[in-house]
1. Please arrange TYR301, TYR102, TYR28 by counting, for each residue, the other beta carbons lying within 10 Å of its beta carbon, fewest first.
2. How long are the three semi-axes of the equivalent ellipsoid for region 201-254, computed from the Cα gyration tensor as the root of 5 times each eigenvalue, in whole Å, largest first?
3. Hey, rough spin-label estimate for ASN97 and ALA174, points 7 angstrom out along Cα→Cβ, what's it come to in nanometres?
4. With both bridge residues required to lie in region 9-161, what share of the DSSP beta bridges run antiparallel, to the nearest 5%?
5. How would THR140, THR40, THR176 line up from fewest to most surrounding beta-carbon atoms within 10 angstrom?
6. Give the separation of the Cα centroids, region 158-180 to region 259-327, in Å.
7. Can you give the calculated 222 nm mean residue ellipticity of the chain, where each DSSP H run of n ≥ 4 adds -39,500 (n - 2.57) and the sum is split over every residue, rounded to the nearest 500 deg cm²/dmol?
8. Please go through region 213-322 and write out the trypsin sites (Lys or Arg not before Pro) that DSSP classes as loop and that have at most 16 other C-beta atoms within 10 Å.
Amino acid sequence: MSQILVGHQEIFRQLWATHQADRLPSAYLFLGPKGLGKSTVTRVLAQRINCDLGQECGVCENCRLFASGSHPDFLVVGPTGKQIKIAQIQGLIGTLNLKPMYAKKRVVLVKEADKLGLEAANAFLKVLEEPPLDSLLVLTSEDEHGLLETLLSRCQKVSFGPLSRLELAQLLEARTQLEPEAMELVLAYSEGRLRKELIEKAPELLGLEGQVGQLLFRLDPAKLVDQMEWLESLIKQGLEGYFLEFLARWLRDLSFEFSGQSERVRRPAAVALARSQGFEPPVPVLLDAFTQVGETQGAIYAQAGKLLALEGLLLRLHHLLQGALVL
Ligand SMILES: [Zn+2]
């Protein structure tokens, strides 16, 4: 696993300064969406704290163990299935009772700590109440509300913000082999974090994004049946979330473009394509359609019937956009 730390320089600088002043708390809670780099910051901090030279020298025993991904004093626990199970926490407690093998300071990373089951959370609470000497505990979570108040109160919170477009591009260059077009797609839809599935599917999703545009430009009643069948096939492939995301992006970008805010457009090539096909509905209609997409995303998220929700949306788009284009 790459040790590269991209972004979060200020957070890292403060953590390191706190360590150097010998004032690290026994536990941190790193908050922010998945894919921002919370675990990477923890790993690089653990490496630097324990490096013989106080950096990531890459040469000392400690750094070599980190590079191999098997440092016995950097302990990582995360959900197996839907939860972090009590047995995992019991195993962790067993290890913490022993002295560290190499480290000056052992670091424990509990990923997605909101997924601690109740029993596991209570067992982990005991660790937080009497933290082992020379150990740093780091919990990560997308949402602090999923954690027990008793756990929260014993952790110092650090909030992680999104990565800039430039930082994200650096990270993608270092970790992936995306072609330029796929890279542009990932950057446009990432919202400042690494989205693993989006990255894996990017080449295939490029095609889908174009197809979504074509659907929007050709809301011809004669094509309705074919379009509904296509939606059904998307659901079978588990792509309905991307369908809605792309649709929302098309409508949002076109609304910006046609209301004179082209600097806010994320996919300029897509807008150019829409213009070349003479697709220029009035902005209020685009915004109305955008709202409909958002409501459908909400309905699907709330586990409503996917096909019914998507078909309903398609009918409303036909109604909205055809009327607009005839006028
Ligand atoms: Zn080192």
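1. Values: TYR301 11, TYR102 14, TYR28 22.
With the sparsest Cβ surroundings first, the list reads TYR301, TYR102, TYR28.
2. Values: eigenvalues 59, 47, 16 Å².
In descending order, the three semi-axes are 17, 15, 9 Å.
3. Rounded to a tenth, the inter-label distance reads 3.9 nm.
4. The antiparallel fraction comes to roughly 5 percent.
5. Numbers: THR140 24, THR40 20, THR176 15.
So the ranking, lowest neighbour count to highest, is THR176, THR40, THR140.
6. Cα centroid to Cα centroid, the span is 29 Å.
7. Details: 14 runs with 184 residues, N = 327.
So the calculated ellipticity at 222 nm is -18000 deg cm²/dmol.
8. Details: sites: ARG218, LYS223, LYS236, ARG249, ARG252, ARG264, ARG266, ARG275, LYS306, ARG316; in loops: ARG218, ARG266.
Those that pass, being in a loop and sparsely packed, are ARG218, ARG266.
Only the coordinates and a few stated rules stand behind these numbers; no lab work does. Because the structure is predicted, anything quoted here is derived from the model rather than measured. Neighbour counts are summed over all protein chains in view; Cβ atoms, including those assigned to glycine, are modelled from backbone coordinates with ideal geometry.
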